[in-house]
Structures are given as C-alpha cells and as structure tokens.
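The values are calculated or read from the model by the stated rules, or taken from the named source; none is laboratory data. All of these numbers come straight from a predicted model, not from anything done at the bench. Cβ: placed from backbone, ideal geometry, glycine included. Neighbour counts: every protein chain shown. Calculation scope for accessible area: heavy atoms of the full protein, side chains included, ligands and nucleic acids excluded. Shrake-Rupley method; radii C 1.70, N 1.55, O 1.52, S 1.80 Å.
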Amino acid sequence: MTEADLAIVGIAELATPEGTTARTGADLSRLKVVRDAAVACRRGRIVYVGPEAGFRETVSVVPGGTVLDAEGGTVLPGFVDAHTHLPFAGWRDGELDEVLRGATYAEIAARGGGILATVAATRAIEPGALVELVRARLDGMLRLGTTTVEAKSGYGLSLEAELKQLEALREGATGHPVEVVPTFLGAHKVPGELRHRRSEYVDRVVAEMLPEVARRRLAESADVFVDRGAFSVAEARRILQAARAVGLAVRVHADQFAEDGAAELAAELGAASADHLEHVSNAGVEALARSGTTAVLLPGPSLFLRERRLPPTRRLVEAGVPIALASDFNPGTCPCESMGTALWLGCLRFGLSVDEAITAATLNAAHALGRAEQCGSLEVGKRADLVVHAVPNRRHLVYRF
C-alpha cells in the first residue's frame, strides 16, 4: 500500500494537464479528466491521482493523517500566475473615471498619472509596510486559487527603491504557502528626474542595478517594457543582454499598444516569455514559434483599458507558440489578483477553450517560470499544489463567470 498523510476524496471531477514542459497546438487542450476522483499526498508531494475506487484499494492514510471531502467539487492544479506587479504602494483608483471617459494609457501618463504615480508612492512607503502589503496580497491570491506567482519590481526606478521592492518580495514570501518567482523590472519607465537623460538611466540599469540585483540573488529574471513611452527595442536589447550576462533569465513586455518588434526581440534573445502581444505581427508570431518563447496573454488589462485590439490568440496557438494566461495584477491597468477572472476572460474575450485556458493557467505558466517539473499539473511526484473549486465540473469555472 502507498502511504499518504493527506487525501482528498469526494471529487466529482479532477482535470489536469500532464507533463513537465509546455503544451502547444492541439495538445494545449489535452487534459486528463477523472470523474469520481481522489488525490493522495505524502510530505507535500502527490503519491496518487486517479479514481477514488483505486485510491481505496492502493492507498493507506497514516495515523494522524487528514482526509478531506471535496463534497462534489472540481479539483485542478493550483493556478500559476506568470505576470504580476505585486510589490507596490498606492492604488490609482483616481484614474478610473479618466479611463471610462476614454482616456488612453499614454494620455493618463502624460498628465502625471500612470507608472510614475505609483513610483512616488512606492518610494515613500516604509520597507516593513511594503512587506505587509506583499503578504496580504499573497493571502488574497491563495484564497483565489493561486499557488505560484511571478512578481515584478519596477515601481522603484532607482537602485535603492528597486532593491526595496525585491527585498519586500523575499521577506513577504518567506514561509508563505504561495511560491514567489521574482523578476527585476527596473526598465519599466524612465524615472521623472531623468526624463531628459534617458541614456543615463539605461546606463544605471545596466551598470548598477542589474549587477547588484544578481549579487544579492533577489531576482531570477529581468524584464523590460518595450513601448514608445518606455524603452526602445535597442535599449531593451542592451538591458536584457546585460541581464543574461549576470545570470538572469529574460522576459519582455511586448507589443502591447503598438507593433514595436518586441516579440522578435524576445525570440532573438531566447526570452522565457513575451507578454501582452495585442499588436504582435505575423513575423513576431513566427519568431516566437521558432524560439519556443512562451506568449503570456493578459486579458485583464485589455478589458480594463477597454482596448478593442486583442492578441491573435488562435494564430499563436495554431503556430505552435506556448500560451500562458496571467492576471497582470497591478494598480493602474489591472487591479485584480484573480486568476479565475483571467481564465474566463481568456475564454470569453481571447477565444481559448476551457481546457486550453486551464493548461495556459497551470502547466504552461509553470513552464514560463521554470517550474513545470514541480507544479502546474497533478501527477505523482509533483508538489501537492491543488485547489478544490466548488463547482461540479471544470466548465463551470467559465460558464458561471
């Protein structure tokens, strides 16, 4: 008999992708679905996934172990949120009416709002208070079914303030059930005090920030926002090449508001992910397919900003690009930490099927973060990151949006 110290029984439906790498093309929708299922775990690892009848015959719960009744719910892997801006201070709810009146992201920024408004608040907050915000947000994400989250800095835009954000992530995540995968986003925007000396800021990111972040081991990857109001492809290439030189993986905010050639840059550099992609070109799609870079799609901000242009989701899938879904939780364009919302928006707005969206929000997102061998699917040997949803089957997660 296989021994377990935790078992979940009474599962109406269990649904999971399988494997330790991203699913693409037709395989994106290929889930293992088990009715009347059970899961058993031992010391935080899965030891059984399958029919409850098989569990009764082959698994023994050790004395003092826990048996939970899912009460006819649906079990999925814990959501993996592959793109968030978690460690910030200050909400930007004052910009909402501007958005509703039709103001664009660029217009709000030009009037003194946007990223730089959050930078001011994040620079001002005490480190301990920022740690508490991180922990509270992780608590909220866990309640909503997220068990692994990528979290970016980028609201400091100085060495001291960027380090404060990343250190708050490290301290806030210590001992927390949600695993945090940190990303350095010092190249989010040129800070206001250097707006007329942007090359000086790029120099600081390359020569000061990246080496110190790497020395302190505060991030696993570096990201750059490529946009007319942020950084050019040439600037991003320089920053990301410097990031690779100090041992960081690279990511790119790509083609969100215009076709900037950022997807092609991500492919050229072998980036772990290219994120947003509302305006990606056909050449960009083909480049991503060749490189294997994951396309992280973010339906929340496009809804919040009332954007009509959506990423070419079906073209990306058909080209064989790995697809992930993420929340893009941030104070300006998606103040929503719910991966469940990302799931149903990914279906109802971006055109994924329910099963494609589940894979994109679990295994493929884990792959984008370098965690697919540990989480993102419910398989023997993987981490026991699983969520019971109070619905009779997986389709209700989108059907009852």
Taking the Cα centre of region 1-128 as origin, work out the dipole magnitude from +1 charges on Lys and Arg Cβ and -1 charges on Asp and Glu Cβ, in debye rounded to 20. 360 debye
Along the dipole axis of the chain (charges at Cβ: +1 for Lys and Arg, -1 for Asp and Glu; origin at the Cα centre), the most positive-end residue among L316, L159, C375 is L316
Once fully extended, how much extra length lies between S60 and R228, figured as 0.36 nm per residue of separation less the alpha-carbon to alpha-carbon distance? 54.5 nm
Can you tell me how much longer the chain between E212 and L96 gets when fully stretched, taken as 0.36 nm per residue apart minus their C-alpha distance, in nm with one decimal? 38.1 nm
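So, for the chain, what is the accessible surface per residue at a probe of 1.4 Å, expressed in square angstrom? Write down the numbers at each step before the final one.
Values: 15630 Å² over 401 residues.
Ligands and nucleic acids excluded, the figure is 39 Å² per residue.
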With unit charges on the beta carbons (Lys and Arg positive, Asp and Glu negative) and the dipole taken about the Cα centre of the chain, which residue among V62, A124, G114 sits farthest to the positive side? G114
For L68, project a label point 7 Å along Cα to C-beta. Then give me every residue of region 175-202 with its amide nitrogen under 20 Å of that point. 175-180
per DSSP, antiparallel bridges as share of beta bridges in region 1-155, % nearest 5, sits at 55 percent
Would you mind checking region 267-309 for residues with the amide N under 14 Å from a putative spin-label position 7 Å along Cα→C-beta of Q241? 268-270
Distance from the Cα centre of region 213-266 to that of region 315-359, in angstrom? 22 Å
Taking 0.36 nm per residue of separation between A106 and T2 and subtracting their Cα-Cα distance, the length gained on full extension comes to 31.6 nm
Would you calculate the separation in nanometres between label points at V380 and T174, each defined as 7 Å from the Cα along the Cα-to-beta-carbon direction? 3.8 nm
Where Lys and Arg each count +1 and Asp and Glu each count -1, what net charge lies around F231 among other residues with Cβ under 11 Å from its Cβ? +1
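Roughly how many debye, to the nearest 20, is the charge dipole of region 303-364 about its Cα centre, given +1 on each Lys and Arg Cβ, -1 on each Asp and Glu Cβ, and no other charges?
320 debye
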In region 363-401, which trypsin sites (Lys or Arg not before Pro) fall in coil by DSSP and have 10 or fewer other Cβ atoms within 10 Å? R400
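Quick one: pull the percent of accessible area on region 43-148 belonging to carbon and sulfur, 1.4 Å probe, ligands and nucleic acids left out.
Ligands and nucleic acids excluded, carbon and sulfur give 55 percent.
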Would you please classify the overall shape of region 233-377 from the alpha carbon gyration tensor, given that a ≥ b ≥ c denote the square roots of the eigenvalues, rounded means a/c under 1.5, and beyond that prolate means a/b larger than b/c while oblate covers the rest? rounded
Radius 15 Å from Cβ of F401, net charge of other residues (Lys, Arg +1; Asp, Glu -1): +4
So if I place +1 on the C-beta of Lys and Arg and -1 on the C-beta of Asp and Glu, and nothing else carries charge, what would the dipole magnitude of the chain be about its Cα centre? I want it in debye, nearest 20. 220 debye
Could you rank S302, S29 by how accessible they are, 1.4 Å probe, largest area first? S29, S302
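Carbon and sulfur: what percent of region 326-398's accessible surface (1.4 Å probe)?
51 percent
At 1.4 Å probe size, put H85, H367 in order of accessible surface, largest to smallest.
H367, H85
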Quick one: of the DSSP bridges fully inside region 245-379, what percent are antiparallel, nearest 5? 10 percent
Please report the antiparallel percentage of the DSSP beta bridges confined to the chain, to the nearest 5. 35 percent
